[in-house]
Amino acid sequence: MRWLEATVAETVPETARTVTLRLDVGDWRGHRAGQHVDVRLTAEDGYAAQRSYSIASPPGADRVELTVERIDDGEVSPWLTTDADVGDQFELRGPIGGWFVWDGDDTTPVLLVGGGSGVVPLMAMLRHHAASGSTAAMHLVYSARTLGDVIYRQGLEALASPHRAVTLTLTRESSPDWGGHRGRVDADLLADLGWPPSVRPHCYVCGPTPFVEVVADALVGLGHEPARVRTERFGPTGG
Amino acid sequence: MPIVSRGFQGRRRQPGAGLVPPGQYLVDDFPVLSAGPTPDIRLEDWDFTIVDETGGVAARWTWQEFRSLPAEEVTVDIHCVTKWSKLGTRWEGVAVDTLLEGVDTAAEFAVAFSDGGYTTNLPLEDLLGGRAWVAFGFEGEDLEPEHGGPARLLVPHLYFWKSAKWVRGLRLAEQDEPGFWESVGYHNYGDPWREQRYWDD
Amino acid sequence: MDTSPLDGNGIAGALGELFAFDVTMAATTCAHCRHTQPMADLRAYVRAPGIVLRCASCGGVQLRLVQSTERAWLDVRGIQMLQVPAGTTV
């Protein structure tokens, strides 16, 4: 798999800490919802750093979109979220990963559980669900710290439909105006919002490693088959 | 030639000439590198053992015994094979000279072994002569678990992968035995000033 | 809880430089504990002088990869068996 040339066509702030980069990528062969790319930045003196980012855009979109969360002492995300301007270039390798993908070629219900920036590949799945007219029931459970940390807030509202549900749970929102769920994703919430194990839904869990461990364990504890629970761990800070 | 990204520098600072070994960059933070999970070590279960070349236990200290040994403060520069260097780091530890005092051995090599299974090998003489410590303090505080606490080996004249985190002892050996990274491509000795990073360096 | 590892998804690009198949679609049988699991679920330690893949069940090292500009070193003694579905070439 070779390194391709990516050029920033547009930057879209999503939250105070996250930015979506819309890219033109030379020789891009297309991708599946849930896949990611490796991004490599090289300095003038040859120093290079590399990180992985999930693709936010659905298959078939005009441009490859990455949504990047700024990690303050990071190597790559500060450049991508703060320094990268329209016309800037970097290298990108992908699409990568055939495991954490949803193609939408069956009508099995799909439970998506995302923590923080773990929502990015799940958003690609939601967008693909909408664009392909899939009739599979899909439910995204998305945990963020505060309302201001919810990535794609308007986009998620626009995508929500009877068979494409979105439930937010906020862990540190102090405003009394928030009438939605509060607290971490746990077995009770998953049992409430998901499907019984007998339905054999596809489950996709993504986010910081501790979040993924807790949620995956909870799903298996509820009786979901481990083989039906696909996970992607972002490490300690979620990207 | 890879595409250069305008303005990208990364986290490093440029070193002054002669301050760091070739190919290294200075960093402001203290990167955490690890080949596995941070072990959960209880001090009441901790010991440090020296196993000699016959396989016998030549010396052993519990945490209390270890902390009663004479310790010293040292300020050293450290160099990681992943290219970052930190100058003037302050450590507190027991000199390996002290630990090997009274150990009768003809061995020329040592393997440091750690909780979690990590190992690294060195010539025994590189652990002597005031060049190595078992360190329990960093910058005036207890050494944090993610940086190798309660105690790690500190051998600053070699690349920092030789300064085994969560060290639990030294096994003295007549033959050299490549450790965790030395057995999969990293240089057997690892002198940063001669840029001995990999097998073929 | 160990918060630092990625998983097999996160190192698929790097391993794709060596393997002709998509590692996220493969499964390994651990040489230490004999547990079989998707490579996507192995715990990957990448903030290291190399890449280390550990069994999600017993924590044993299954794979170690070191790359210099000149060559790569790969130790897979921790993998007893590797299963690759047909049609997963990268």
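The values are calculated or read from the model by the stated rules, or taken from the named source; none is laboratory data. Keep in mind the model is a prediction, meaning the values are calculated, not measured. Neighbour counts run over all protein chains shown; Cβ positions are idealised from the backbone, glycine included. Heavy atoms of the whole protein, side chains included, go into the accessibility calculation; ligands, DNA and RNA do not. Shrake-Rupley method; radii C 1.70, N 1.55, O 1.52, S 1.80 Å.
Among the residues examined, B:GLY36 does not qualify as open to solvent by 40 Å² or more (accessible area, probe 1.4 Å), in contact (Cβ under 8 Å) with a residue 24 or more places away in the chain and within 14 Å of chain C (Cβ to nearest Cβ).
Taking into account only those residues within segment C:69-90 that are without any contact (Cβ under 8 Å) to a residue 12 or more places away in the chain and more than 7 Å from every other protein chain (Cβ to nearest Cβ), which is least open to solvent (accessible area, probe 1.4 Å)? Only one residue fits best here, namely C:GLY87.
Does segment C:10-19 include one or more residues that are among the aromatic types (Phe, Trp, Tyr), more than 19 Å from A:VAL212 (Cβ to Cβ), more than 8 Å from chain B (Cβ to nearest Cβ) and not in a loop (DSSP other than H, G, I, E, B)? No - not one qualifying residue is present in segment C:10-19. Considering each residue of segment A:39-56 in turn, none proves to be in contact (Cβ under 8 Å) with a residue 60 or more places away in the chain, outside any strand (DSSP E or B) and open to solvent by 30 Å² or more (accessible area, probe 1.4 Å). A single entry from B:ALA71, B:ALA95 fulfils the requirement of being free of Cβ contacts under 8 Å to residues at least 60 places away in the same chain and closer than 14 Å to B:ALA151 by Cβ: B:ALA95.
For A:VAL86, indicate whether it is buried (at least 18 other Cβ atoms within 10 Å of the Cβ), out of contact with any His (no Cβ under 7 Å at 6 or more places or on another chain) and of a type in the set (A, V, I, L, M, F, W, C).
It is false that A:VAL86 is buried (at least 18 other Cβ atoms within 10 Å of the Cβ), out of contact with any His (no Cβ under 7 Å at 6 or more places or on another chain) and of a type in the set (A, V, I, L, M, F, W, C).
The residues of segment A:42-61 that are within 14 Å of chain C (Cβ to nearest Cβ) and among the charged types (D, E, K, R) amount to a single one, A:ARG51.
Test C:THR29 against the criterion of being more than 21 Å from A:GLY94 (Cα to Cα) and modelled with pLDDT of 95 or more, and give yes or no. Criteria met by C:THR29.
Pick out the one residue from B:PHE136, B:PHE160, B:PHE180 that is over 24 Å from B:TYR25 (Cα atoms) and touching a Pro at 6+ places or on another chain (Cβ under 9 Å). Only one candidate qualifies: B:PHE136. Here the condition is being β-branched (Val, Ile, Thr), away from chain C (no Cβ under 14 Å) and more than 28 Å from A:THR167 (Cα to Cα); of A:VAL39, A:VAL25, A:VAL64, A:VAL113, it holds for A:VAL25 alone. Residues in segment A:180-217 that are of a type in the set (Ser, Thr, Tyr) and within 14 Å of another protein chain (Cβ to nearest Cβ): A:TYR204, A:THR209. No other residue among C:ARG34, C:ARG47 is open to solvent by 20 Å² or more (accessible area, probe 1.4 Å), away from chain B (no Cβ under 14 Å) and not small (Gly, Ala, Ser) apart from C:ARG34.
In segment C:51-68 there is at least one residue matching the filter, namely being over 21 Å from C:MET81 (Cα atoms) and open to solvent by 10 Å² or more (accessible area, probe 1.4 Å). Filtered by the rule that a residue be part of a strand (DSSP E or B) and among the hydroxyl-bearing types (Ser, Thr, Tyr), segment A:1-22 gives A:THR7, A:THR11, A:THR18, A:THR20.
Residue under question is C:MET25, and the condition is that it be over 29 Å from B:GLN196 (Cβ atoms), away from chain B (no Cβ under 11 Å) and crowded, with 24+ Cβ neighbours inside 10 Å; does it hold? When the stated conditions are applied, C:MET25 does not pass them. Residues of segment B:74-83 that are in contact (Cβ under 8 Å) with a residue 40 or more places away in the chain and within 15 Å of the chain's Cα centre (by Cα): B:VAL74, B:VAL76, B:ASP77, B:ILE78, B:HIS79, B:CYS80, B:VAL81, B:THR82.
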